[in-house]
Structure formats: structure tokens, C-alpha cells
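> First, the structure itself, so that you have it in front of you.
The values are calculated or read from the model by the stated rules, or taken from the named source; none is laboratory data. Quick caveat, the model's predicted, so the values are computed rather than measured. Cβ placement follows ideal geometry from the backbone for every residue including glycine, while neighbour counts extend to all protein chains displayed. All accessible areas refer to the heavy atoms of the entire protein, side chains included, with ligands and DNA or RNA removed. Shrake-Rupley method; radii C 1.70, N 1.55, O 1.52, S 1.80 Å.
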Amino acid sequence: MSFDLLVKNANLPDGRTGVDIACRNGRIEAIETGIAAEAQTVIDAADNLVSPPFVDSHFHMDATLSLGLPRMNRSGTLLEGIALWGELKEILTVDAVVERALKYCDLAVSQGLLAIRTHVDVCDDRLTGVKGLLEVRDRVKDYIDLQLVAFPQDGLYRSPNAEANLLTALDMGVDIVGGIPHFERTMDDGARSVRRLCEVAAERGLMVDMHCDETDDPMSRHIETLAYETQRLGLKGRVAGSHLTSMHSMDNYYVSKLLPLIAEAEVHAIANPLINITLQGRHDTYPKRRGQTRVPEMRSYGINVAFGHDCVMDPWYSMGSGDMLEVASMGLHVAQMTSREAIRYCFDCVTSHPAKAMGLEDYGLAKGCKADFVMLQARDAIEAIRLKATRLAVVKGGKVIATTPARQAQLTLQGRPDIVDPASYAPSEG
Ligand SMILES: [Zn+2]
């Protein structure tokens, strides 16, 4: 029996070690120790971590890599970012969107990031971003699962044509219904937008992913309405609340009522640690709030929490590298999730948890799953985050689609080793 690909001696995120993975026809056919079989390609993982691919469940691909166009965000705030994006939208072309998005996808693949949910602004009447990203979704489909969210950036009701444009975008093939209730003119309009958008999703059989309460205002409580509408319309498991930063500042008693409602409605929570720590607390003097939503508390209620990258080099965020390990690292720091098992949980927040939020099929390292994975220069998931480990090989459908040489430094110090391998510093107990 001959396989297309056989990976030997892999460590897995669940702690198993010395495992072999045999792939054929784009699927994992066996995953166990000591597989003795021929294969067209054999890779020795040499006790490095092999993980399912990274998944980014919250991104803005229509804006990525536009840093400096038409100018920089001087205040660094969310609101100046939105204003700046408004200036850029006027001069955006489909070709420019496609070119930047494809360039980002190249970077994503090199980082083992093979599934991305991107919001796409529908408040531009020309729907430039929608046209561009629909083309990109098609062009990258052999290597990236790209989901598009119809996102009314300037407000479903605050922006004159947003509702009509959103419906047109869905007609054109955009996958998911988005929203931004905290940006509507009033709390009432925000709640009304949540209701309307959830109804649109229910009518069309679509998922929902809303920017929800991305503010430091503790009274921004649209997540409550989102959880309620999810229940009312039978959308359980198909709705995500992105950001949820107001929860950082909410009254503790109110949160103790809110979290069970989110859990009951099976609403997924998507935090965006890099962006939340950067944009929130901007109106504070000292102490400055962190703004990240309550990750450990949501975890304790069994809510599915994912971490998204959100932005890379765009009007809101001038940093970013397509590295979901950087996202996980920031998430665990901000949430003070520093126990060994909490760090492992943060690895799941950039792999299996966003895969669940996005409804990805046959994702994971098990017999019958898609043969998609990434081999990292690290012994385990904790080490991978600590090191922002090099992606030695990225595999899609049983084929290697990206490789990076291992990171090693040469030393020229008398009496000291010649080579420093960062992965060799792992503690003796995982
Ligand atoms: Zn966003």
C-alpha cells in the first residue's frame, strides 16, 4: 500500500508524540505510531510539532497592506482609522484590492494560515471590495478557504445605502452577514440593526459575524441582543460576536448574567488581541484599560473563543505579519492566561476554535480529515507560541505548498557551541 505523503515522528498539539501521518488523495488515511508503508514523499518531522493549519476567523482583506494610503493614522484611534478608510475607499480599484489581497494570501500560506474569514466593506456603492474579494476567493480556493462577511462599516442605518448594498453583496455570493451595531447613531438603532441582520441571515440560511461592542463603553450591550436574536431565530452555533471589547469594562454583575446567555445561544466569541490592546483605552489617562474581552471567563462557561488577526498594515494597525502565533501570544499576555494548560488553550484559539466558528469541515488531525497541516520548529504548542516558531513545511491536500529553512544562528564564541537552535531550549517537562 503506497501513500502520497508520509510524515514520520510528529508531535501533535494534544500531546501525543512520535506519531506518523499517512495521506492519500488529499485526506489523512492513518495517524498512529509506526506506520510501515511506502509513500511518494516522506518527511521526518524529527519530534517537531505538526498542527492543523492556522485559522484566522476575523480579518479585513479589502484593507490589508494599504498602510500609508492615502495617509497615516496620526491619532491611532479606531475612529480615525474608519475616517481614513473612508478616504481610501473613494480611490480604491478592484485590481488594487485583488493585488494586495493575493499578496497577503502568499504571506498567509507561508505562515501555515490556510483558512481566513474576512469582512468586506459594503458601504462603497461601487462594491469595489466585494468584487475584488469574490475574485480573490476564487483564485485562492485551492490553498486557502476564504469566507467573506458583508460588513456595513459605516453603519447599516447610519450609512444611506448600506442595507441595499449588503443585500446586493449577499446576492453576489458573499457568504456571511456582518454588522456594526455600536457604530449606529443610537443604542436603539444598534439593536434594530442586530435584529434586521439576524433576520436576513435566517431568511437566507447564512451565518452571522458581527463587529459587536467594539468600544470601551460599558453600556454597549448589543451582544445581549445578538444572543437573544440567535435564540429567537434558531441560529444557534451559526453566529459569532467579534471583538466584544465593551465586556472588558462592564459591570461584573451584568456579565454574570450575560455569559450564560451567550453560552446558551452558542454564540462564538472572537477576540482580536493585537487590535484590542492597541485601539481600546485610547480615551483613558491612567490606568489604561486593556479592552480585550473576558476570555478566561467565557472559557469557563464553555463559550467557543477564537482569536483573530483583524488587521495587517492598514488604516487601523500598522503592524502584523500573518503570524497567528503572534496573535495567540498577545492574547495570552493580555488575558494573563499563563498556566501551561491555559497557554495550550490559546493555541486552540488560533486553530480548532476558529475552525469551529467558521464551520470548517473535516478540519483536524484525525483519520478522514483533510490532509492540511503545518510542521513547526518547536516541540509542542506552548513552545510554538513562545518562539513564534518557524513554519518548516505547510501541507495542503497532502502536498507541500510552502517550506522555510529552520532558524539557526552561528556563534563564534570561544568555548561555546557553534550553533544556537531556538527550539532546543524547551523545558524538560511540557
Ligand atoms: Zn474587524
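> Taking the criterion of being within 16 Å of the ligand (Cβ to nearest atom) and without any contact (Cβ under 8 Å) to a residue 40 or more places away in the chain, would at least one residue in the stretch 234-252 satisfy it?
yes
> To continue, here is another question. Go through (1) open to solvent by less than 10 Å² (accessible area, probe 1.4 Å); (2) modelled with pLDDT of 95 or more one by one and return the number of the condition residue 84 breaks.
That leaves (2) as the condition not met.
> Would you mind stating whether residue 263 is within 16 Å of the ligand (Cβ to nearest atom), modelled with pLDDT of 95 or more and in contact with a Phe, Trp or Tyr (Cβ under 7 Å, 6 or more places away or on another chain)? Break it down stepwise before answering.
Details: within 16 Å of the ligand (Cβ to nearest atom): no; modelled with pLDDT of 95 or more: yes; in contact with a Phe, Trp or Tyr (Cβ under 7 Å, 6 or more places away or on another chain): yes.
No.
> Sticking with this one: Give the stretch 13-29 a look and list any residue that's touching a Phe, Trp or Tyr at 6+ places or on another chain (Cβ under 8 Å) and either assigned to a loop (DSSP other than H, G, I, E, B) or over 20 Å from residue 406 (Cβ atoms) (or both), or say none.
13, 22, 23, 24, 29
> Let me ask another. Please pick out the residue among 131, 89 that is touching an Asp or Glu at 6+ places or on another chain (Cβ under 9 Å), in contact (Cβ under 8 Å) with a residue 24 or more places away in the chain and among the charged types (D, E, K, R).
89
> Six or more apart or on different chains, Cβ atoms under 7 Å: show the pairs whose first residue is in the stretch 25-40 and of a type in the set (Lys, Arg) and whose second is at pLDDT 95 or above and in a strand (DSSP E or B).
Close Cβ pairs satisfying both conditions: 27/370.
> Output the residues belonging to the stretch 196-228 that are more than 27 Å from residue 279 (Cα to Cα), open to solvent by 50 Å² or more (accessible area, probe 1.4 Å) and part of a helix (DSSP H, G or I).
196, 199, 203, 204, 228
> Right, here's the next one. What pairs can you find where one residue is in the stretch 209-222 and more than 20 Å from residue 358 (Cβ to Cβ), the other is away from the ligand (no atom under 15 Å from the Cβ) and of a type in the set (Asp, Glu), and their Cβ atoms are less than 7 Å apart, with a gap of 6+ or different chains?
218/251
> Moving to a separate point now. List the helices (runs of 4 or more DSSP H) that sit entirely inside the stretch 282-351 and contain at least 2 residues that are within 16 Å of the ligand (Cβ to nearest atom) and either surrounded by fewer than 22 Cβ atoms within 10 Å (Cβ to Cβ) or not hydroxyl-bearing (Ser, Thr, Tyr) (or both). Full working, then the answer.
On the way: elements: 295-300, 324-334, 340-348.
Output list reads 324-334.
> Please work out which residue is farthest from the ligand (Cβ to nearest atom), limiting yourself to the stretch 93-123 and to residues that are crowded, with 21+ Cβ neighbours inside 10 Å and either small (Gly, Ala, Ser) or part of a loop (DSSP other than H, G, I, E, B) (or both).
Ranking the candidates gives 112 first.
> Exactly one of (1) within 16 Å of the ligand (Cβ to nearest atom); (2) on the phi > 0 side of the Ramachandran plot; (3) not hydroxyl-bearing (Ser, Thr, Tyr) is unmet by residue 127. Its number?
(1) is the only condition that residue 127 fails.
> Restricting attention to the stretch 209-233, which residues are out of contact with any strand residue (DSSP E or B) (no Cβ under 7 Å at 6 or more places or on another chain), closer than 16 Å to residue 194 by Cα and within 16 Å of the ligand (Cβ to nearest atom)?
Once the filter is applied, which keeps residues that are out of contact with any strand residue (DSSP E or B) (no Cβ under 7 Å at 6 or more places or on another chain), closer than 16 Å to residue 194 by Cα and within 16 Å of the ligand (Cβ to nearest atom), the stretch 209-233 yields only 220.
> Could I ask something else about it? So which residues in the stretch 376-400 are in a loop (DSSP other than H, G, I, E, B) and either surrounded by 23 or more Cβ atoms within 10 Å (Cβ to Cβ) or not β-branched (Val, Ile, Thr) (or both)?
Matches in the stretch 376-400: 377, 378, 379, 380, 388, 389, 397, 398.
> Output the number of residues of the stretch 44-67 satisfying the condition of being open to solvent by less than 10 Å² (accessible area, probe 1.4 Å), outside any strand (DSSP E or B) and within 16 Å of the ligand (Cβ to nearest atom).
5
> Determine the pairs where a residue that is within 27 Å of residue 349 (Cβ to Cβ) and touching a residue at least 12 places away in the same chain (Cβ under 8 Å), located within the stretch 2-18, has a partner that is buried (at least 16 other Cβ atoms within 10 Å of the Cβ) and of a type in the set (Lys, Arg) with Cβ atoms under 7 Å apart, the partner being 6 or more residues away or on another chain.
These pairs meet every condition: 11/379.
> Another question about this same structure. Is it true that some residue in the stretch 1-10 is farther than 30 Å from residue 179 by Cβ, open to solvent by less than 20 Å² (accessible area, probe 1.4 Å) and among the aromatic types (Phe, Trp, Tyr)?
Narrowing the stretch 1-10 to residues farther than 30 Å from residue 179 by Cβ: 1-10.
Now drop any that are not open to solvent by less than 20 Å² (accessible area, probe 1.4 Å), which leaves 3, 5-7, 10.
Narrowing the set further to residues that are among the aromatic types (Phe, Trp, Tyr) leaves 3.
Checked the stretch 1-10: at least one residue is farther than 30 Å from residue 179 by Cβ, open to solvent by less than 20 Å² (accessible area, probe 1.4 Å) and among the aromatic types (Phe, Trp, Tyr).
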